[in-house]
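The values are calculated or read from the model by the stated rules, or taken from the named source; none is laboratory data. Keep in mind it's a predicted model, so treat the numbers as computed, not measured. Cβ atoms come from the backbone with ideal geometry, glycine included; neighbour counts cover every protein chain shown.
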Amino acid sequence: MNKKILGAIVGLIIIFSSVLVVSVLTNNVSDSDDKETQDYSTDDILSEIDESLLDEDGEIEIGEMV
Amino acid sequence: MKKILGIIIVLMLLVSISPLALAEDEAGDTKEEVEIDEETQEETEIMNCSVGAEIRLLQLEKAITKNIIKGNETISVLKELDYNTTALEAILAELELLLEEVQAADPNATDAVQVFVDLKSDAKELTKEFRDTLKAMLDDEALESLRERIRVEFQNLNLSKKILNRIRSYNRNQLYRLYDFIGYINNSFLDEYENGNITKEQMKNQIGKIINDMTKEKRNQIFSELKESKIKARIHAMICVENATHNFTSRKELRIEHRLQYAKNSQSHTNSWVRAEMQQRMENRLNENNSGNGNGGSGNGNGDNQGGGKQ
């Protein structure tokens, strides 16, 4: 009886760890896929440049008085 | 069998209780912390250089100045209608003291981000306090007509011009770094932009032409470098903002104490009633903080302050 319970616990641990390993591996695969397909256009770069520059009319909002 | 079941149950209980215990600990740790809004966090991203810090402080100065002008306009309209404006004047007088603190802030200081976060938070609170006090005095219709009356052009030209110059200077530095990535520095073009002879769009068009002629690899490299510097700036800002959240409440108390002392010493406002009211409000906020309310934010003072109303 004891052996059965221990066996069930060990079985559960094996199932959980397998699921964990599979999910980690799939994430890594999709990450490396992303790296291979990255190509940036002029527009992508210009949009990055735009984000790094400040808006000349930019203001800080502290709320309205009325 | 029973022993094993007992051990499993105890383990399960321990596992389920531990997150609760950890959560309580975290709640205890963050009790004093304040969450800085996302907008402010983004604003601090440019403050890792003195030009960026100067821009944010100038923009804060401009925002407070605009609200002071609007506040004065509101008060003069209400006075015409025979309202008691002492409470509003007291808040405005504190906003004027805050403006002096912003003007005195050093953009080169290592704690410039913390100072900006603190003073912006005070500015927002005082603005809200003014708005809430006004709301308690007037109905919606009267408020709307007041908004119409004070909807004037607010062109504080000197301040706007100074901010624009500093923004162009900041953008010039950013563009210089970009040219450095590209390996092609056109100083005359950068100078033209900084002097206002070329617009930002024209600059971007010129850079776009250079990028178009590049190889795919070079474009990818530039993109990565731009992303990297953006991430670095964001991380730096996050650390500074995170530091600014520590001891936020005690710093706030200290600021109010200093402001109160300054107001007492300098006799800052000509009207003694307004001065007394302002000092009373600050003392009330300090007492509220000390008594553990901690919110310290809205600090509406006592009930008498809120009212105002017609004389």
Of everything in region B:31-73 that's surrounded by fewer than 22 Cβ atoms within 10 Å (Cβ to Cβ) and of a type in the set (S, T, Y), which residue is nearest to the other protein chains (Cβ to nearest Cβ)?
-> B:T40
Looking at B:I4, is it at pLDDT 95 or above, among the β-branched types (V, I, T) and surrounded by 11 or more Cβ atoms within 10 Å (Cβ to Cβ)?
-> no
Which one of B:I235, B:I256 is surrounded by 16 or more Cβ atoms within 10 Å (Cβ to Cβ) and away from chain A (no Cβ under 14 Å)?
-> B:I256
Among (1) surrounded by 16 or more Cβ atoms within 10 Å (Cβ to Cβ); (2) of a type outside the set (F, W, Y); (3) under 21 Å from A:Y40 (Cβ atoms), which single condition is B:D213 missing?
-> (1)
With the first residue restricted to region B:197-213 and required to be under 18 Å from B:Y170 (Cβ atoms), and the second required to be among the polar types (S, T, N, Q) and not in a loop (DSSP other than H, G, I, E, B), Cβ contacts under 7 Å at 6 or more apart or on different chains are B:K200/B:N171
If you scan region A:42-57, which residues turn out to be facing chain B (nearest Cβ under 7 Å) and among the small types (G, A, S)?
-> A:S52
Considering each of B:L175, B:L260 in turn, give the residue that is under 25 Å from B:E43 (Cβ atoms) and touching a helix residue (DSSP H, G or I) at 6+ places or on another chain (Cβ under 8 Å).
-> B:L175
Which residues, counting only those in region B:83-120, are polar (S, T, N, Q), in a helix (DSSP H, G or I) and free of Cβ contacts under 8 Å to residues at least 60 places away in the same chain?
-> B:Q103
